[in-house]
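The next block holds one structure in the form of structure tokens; read it before the comments.
The values are calculated or read from the model by the stated rules, or taken from the named source; none is laboratory data. Predicted, not measured: the structure shown is a model, and the values here were computed from it. Backbone-built Cβ (ideal geometry, glycine too); neighbour counts: all protein chains shown. Areas reflect the complete protein model, heavy atoms only, side chains present, ligands, DNA and RNA absent. Shrake-Rupley method; radii C 1.70, N 1.55, O 1.52, S 1.80 Å.
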Amino acid sequence: IFRETLSKRGVRVITGLGKYFRQIDKDRNGFLSQAALKEALKVFHLEMPEGDFESLWLILDDSKSDKVDYGEFAHAIFGEMNEYRKAFVRKAYMKLDFNKTGSVPMVDVRKCYCAK
């Protein structure tokens, strides 16, 4: 149900939610507490009955760590990328990794990408 609600709301809500998560992640560790997730959903008018939220939390917090990795949250909601998108990401990464080292330092990312 939650995935259907998000898909109906569109890309703006999804990207806005991601931006909001990054803003509230003060220690920049990529994790959300249960309270932070609940508040974020409220801000974006994605509230749900408490029982549904508890079920969502149990699915997302499968490690029982009382926190959810934002990347895992995104993967659970959006699923696996299709082959076209994977190929596009690979091409972009190959362009960024021009030294073919298998990793890309932020200095190299800044040379090729401006988030403004």
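Just a few scattered comments:
- Residue 14 sits with roughly 40 Å² accessible to a 1.4 Å probe, with DNA, RNA and ligands left out of the calculation.
- Annotation: residue 54 carries an accessible surface of approximately 70 Å², with a 1.4 Å probe and no ligand, DNA or RNA atoms counted.
- Extension reserve of the residue 110-residue 97 stretch, reckoned as 0.36 nm per residue once the Cα distance is removed: 3.5 nm
- Exposure check, 1.4 Å probe, all protein chains in place: residue 91 carries approximately 140 Å² of accessible surface.
- Around residue 63: net Lys/Arg minus Asp/Glu count, Cβ-Cβ under 10 Å: -3
- Spin-label model, residue 62 to residue 33: label points 7 Å out along the Cα-to-beta-carbon direction sit 2.5 nm apart.
- Whole-angstrom gap from segment 72-91 to segment 25-53, using each part's C-alpha centre: 22 Å
- Dividing the convex hull volume of the alpha-carbon atoms in the chain by its residue count gives 145 Å³ per residue.
- Solvent exposure ordering (accessible area, 1.4 Å, most first) of 109, 89: 89, 109
- Placed amide H near residue 32: partners under 5 Å, 5+ positions off or other chain: 68, 69, 70
- Charge dipole (Cα centre; +1 on Lys/Arg Cβ, -1 on Asp/Glu Cβ; no other charges) of the chain amounts to roughly 960 debye.
- Phi angles across segment 39-51 convert, under the Karplus curve 6.51 cos²θ - 1.76 cosθ + 1.60 with θ = phi - 60°, into 3J(HN,Hα) values of 5, 4, 5, 5, 4, 9, 6, 10, 5, 8, x, 3, x Hz, Gly and Pro given as x.
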